[in-house]
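Bear in mind these aren't lab numbers, they're just calculated from the coordinates by the rules spelled out. Small disclaimer: the values here were computed from a predicted structure and weren't measured. Virtual Cβ from ideal backbone geometry, glycine too; neighbours counted across all protein chains shown.
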Amino acid sequence: METTFIDEIEQICEEVADSLYKQVIAITETLAPDGRGFGQELKSIDEQLDDYRKIRNDTTSWVSWIQNKALEIGNELQVGGVDQETIASINPVAIAVAFAMDYSSRMEKELEKRLQ
Amino acid sequence: MDNDYWSGLPSNDEIQEGLTYVHEYWRDRNKFIAEIRDMLSGRNKIEMPAATAYKPRVVHSYALAAIINEKASRFTQLPTIQVVPDSPEHEARIKSSQLEMAINVAISEMERRSDGDVWARAAVDAIVLDEGIERIERAPSAFWPEVVQINEKGEAFLPFEESTIIKDANNVLKKRYGIPIRSIYVPLENFFPVYEGPTLIESYEIELRSLRDVLRNKLFNTSELQGFNYSGKKLYETQVSIVHYVNHIWHAYFAMIPGVVTDVSNQFNWPDYTSTDLQVSGKPILLHAYKHNLGQSIYNCIAGRFGGWKTSHNRIEGVGKGLLELNQATDEILSQVFTNVRAKYWPTLLQEFDAEQRGYDTGSPPNAVNIQEGQNFGIFKGEDIRPLFKPVDDPLVGWLWDKFQDQMGRLGGSPVVFGQNTPGVDTGYHQALQITQAEHLDEKIEQNLSDAAISRASLILRHIKVMDMGEVFSHITEIGPTGKKQGHYYSINPNDLSPLPRMDAQVRKPRPVDLAASIRAAREASDERQGKGPLLSDDTIRADLLSIQAPDIEQHKIDVETAKRKIIQSDVLTAKIMQYLSIKLTTNQAPDVTGAMPSPAAAEAGRQVMNPQGAGPATNDVPPSTTPMNTGMPPTQSQPEAQAGREILNSMQADV
């Protein structure tokens with residue numbers, strides 16, 4: 001099928017965004033390999049576990065955590081100029097749930113190590 | 001045949017009489033052509049002394065051929081046709097542009113499938129001999145052999161005459177067959193026209209074909225040739241003079257067979273009508289004839305600077321004879337100088353002996369001593385050994401050479417047009433005069449070539465009209481909007497050819513200095529003149545100054561490029577890229593929860609959030625995983641939560 005000018009423009013956007021994404025990741029990994037942001041303090045694993053125990057068995061707290069995370073993701077996308085409809089289709093709630101599951105899973109492994 | 005020789009098919013006797021007459025009438029022209037062709041190919045004889053003390057060497061300068069090459073190189077390989085729109089309106093211009101593209105593609109395809117390099121060869125003949133000839137014919141039997149039909153008598157016939165197969169062919173078939181018109185180059189000496197005033201009424205063209213070729217052709221009635229019981233090599237060697245008789249309606253093929261049968265060891269004297277000295281005449285037999293129905297000749301005669309050969313004499317003869325003489329003189333000087341150089345640098349030695357010293361009173365001098373290279377030898381005092389020909393500069397040779405070159409340049413057209421310095425031109429004014437003279441000669445040739453190119457295109461269009469087979473397709477490969485090659489079919493519709501469109505033709509390449517001058521002129525013509533606007537419109541500048549065909553298409557391309565550039569330079573693109581980047585950063589950062597083992601409360605919270613309608617009793621359904629989604633505009637998902645939930649269920653082990 002013959003490509004149109006719109007196809008070409010979208011292709012350009014894809015390629016540039018892809019390239020910039022890789023640059024951002026590379027810069028971030030170089031400047032902050034441990035993930036600590038500027039002005040922030042990286043908590044020790046015990047401190048992290050303490051925070052985790054507060055919400056570990058509390059479904060309501062987990063729901064709040066997930067909802068806050070989803071809000072944060074939505075705000076990030078808004079700052080990047082993404083419209084509401086697109087944000088909705090990306091489904092930040094699902095992404096927040098993934099973050100929650102990942103966080104909980106990591107913490108559970110640490111707890112298990114402590115018990116052994 | 002009636003007296004209507006314009007449109008009737010002549011009998012064999014009439015062909016015999018007509019051919020004999022025209023062959024005799026054009027004899028002088030053909031002798032002149034033969035001399036020119038000999039000179040061009042270096043076959044002109046150069047006289048030299050027979051018995052000499054040195055070996056004469058013959059060198060041909062090919063000066064005439066060099067002039068012809070230079071002149072021919074100023075013209076394009078194929079003419080470019082421009083169709084003039086009927087009116088200044090946009091629709092008329094679009095229509096003319098489409099027809100223009102179609103005609104140029106058709107000409108290009110016709111040239112590719114024809115005799116090879118037809119236009120260029122005919123144009124060279126027009127430059128050298130003042131006329132070039134091409135025959136433009138419909139040739140289904142050559143290109144579309146599958147459409148030649150056989151009637152109940154077993155005779156092959158052209159479908160244009162009686163069958164509807166061409167008319168019924170669909171577009172797919174026609175595209176496959178290609179353009180059914182071809183062009184054949186005809187050497188001028190083989191073309192014997194009959195003019196009445198400026199009109200070409202009828203013509204005889206001689207073509208030599210082998211007897212094998214003639215007997216093989218299914219379209220030819222070869223019953224009278226069966227008596228020649230040849231085989232093997234004899235079939236190839238026997239050249240038959242085929243006469244193409246063409247008038248305003250008919251194109252007929254006659255074979256000239258031996259008129260006198262001399263059955264001596266089965267030897268027949270086949271007449272060769274391409275020779276100016278016809279030794280034996282032949283008897284014409286009709287092989288095949290068809291009505292082309294064009295109402296004019298199918299030959300395109302390309303005139304040179306003196307308007308072509310309408311009678312048996314032409315002003316080109318004077319110029320040609322002058323060039324022949326000068327070229328001959330140039331060849332002789334070159335041969336003499338070359339011989340001289342050879343004699344000097346491979347010397348013959350003259351040995352002077354003292355008769356008294358040697359003891360000779362009278363009689364012949366002794367034989368010369370044969371001296372080998374490096375060998376010592378002795379002579380008496382007063383004797384001498386020296387080269388027979390001493391190296392001596394002769395300024396007359398250089399002067400004569402320059403004169404000949406200069407004069408040939410004036411007669412034939414000077415290379416000074418391309419900036420080459422010519423001998424004897426010392427001042428800029430003199431060079432400007434030479435340029436003017438050379439350009440004047442070129443302009444005359446260019447005008448005539450342009451007229452012939454228009455005639456060529458008209459002939460093609462007339463054929464298409466007469467064939468009445470609907471659209472005729474030609475294929476071209478061109479660069480598409482994405483920069484890649486793509487094929488395209490252009491068509492010529494006979495309905496668009498009534499009346500025939502007005503056409504112009506471009507036959508000359510612009511000189512490099514012309515292009516820069518044209519662009520400069522174009523820019524000045526399009527300059528704003530203090531509120532009065534430009535001097536010429538963009539269309540006129542493109543068509544007339546820059547010779548761009550289809551200037552409206554060019555304008556369209558400019559408009560598209562401008563719009564693209566504005567879009568790219570605007571903020572729209574930047575905003576889009578930022579959006580795409582944000583989406584990437586967000587979605588690609590989401591962790592892969594395959595094999596994750598969260599706490600039961602976390603799992604339950606995920607289920608509640610993903611299924612806010614209420615999950616019912618606890619099940620093994622878990623919140624959806626988020627494998628990073630594709631970048632760019634994410635596709636709309638139906639019930640993504642349910643789909644994601646099933647993915648999480650499959651990936652997690654609720655073993656807490």
Original post:
Given a Förster distance of 51 angstrom, what is the FRET efficiency for B:Leu350 paired with B:Tyr25, based on the Cβ-Cβ distance and rounded to 0.05?
Top reply: 0.30
Subject >> Inter-probe distance in nm under a simple model that places probes 7 Å from Cα toward Cβ, at B:Arg43 and A:Asp51 >> reply: 10.2
**OP:** Mind telling me which of A:Ala94, A:Ala26, A:Ala70 comes out most flexible in a GNM of chain A, alpha-carbon contacts under 10 Å?
**Re:** A:Ala26
**OP:** Would you please report the Å³ per residue occupied by the convex hull of the alpha carbon atoms in region B:462-605?
**Re:** 320
Original post:
Can you pull the mean other chain C-beta count within 10 Å for peptide B:558-567?
Top reply: 1
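May I ask you to list the GluC sites (Glu not before Pro) in region A:11-100 that are in a DSSP loop and have at most 10 other Cβ atoms within 10 Å of their Cβ?
Details: sites: A:Glu14, A:Glu15, A:Glu29, A:Glu41, A:Glu47, A:Glu72, A:Glu76, A:Glu85; in loops: A:Glu41.
Here the sparse-neighbourhood loop sites are A:Glu41.
I need the GluC sites (Glu not before Pro) found in region B:38-96, filtered to DSSP loop residues with at most 13 other beta carbons within 10 Å of theirs. Can you show the working numbers first?
Values: sites: B:Glu47, B:Glu70, B:Glu89, B:Glu91; in loops: B:Glu47, B:Glu89.
Within region B:38-96, the qualifying GluC sites (Glu not before Pro) (loop, at most 13 other Cβ atoms within 10 Å) are B:Glu47, B:Glu89.
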**OP:** Could you work out the Rg to Rh ratio of region A:45-87, with Rh taken as the Kirkwood radius (inverse of the mean 1/r over all Cα pairs)?
**Re:** 1.19
Original post:
Which angle from 0 to 90°, rounded to the nearest 10, does the C-alpha axis of helix A:5-31 make with the longest principal axis of chain A?
Top reply: 30
Subject >> Extended-chain gain in nm, criterion 0.36 nm per residue less alpha-carbon gap, B:Ala92 and B:Thr562 >> reply: 166.7 nm
Subject >> Förster radius 56 Å - calculated FRET efficiency between B:Gln486 and A:Leu31, Cβ distance, rounded to 0.05 >> reply: 0.70
Original post:
Can you pull out the GluC sites (Glu not before Pro) in region B:277-336 that DSSP calls coil and that have at most 10 other Cβ atoms within 10 Å?
Top reply: none
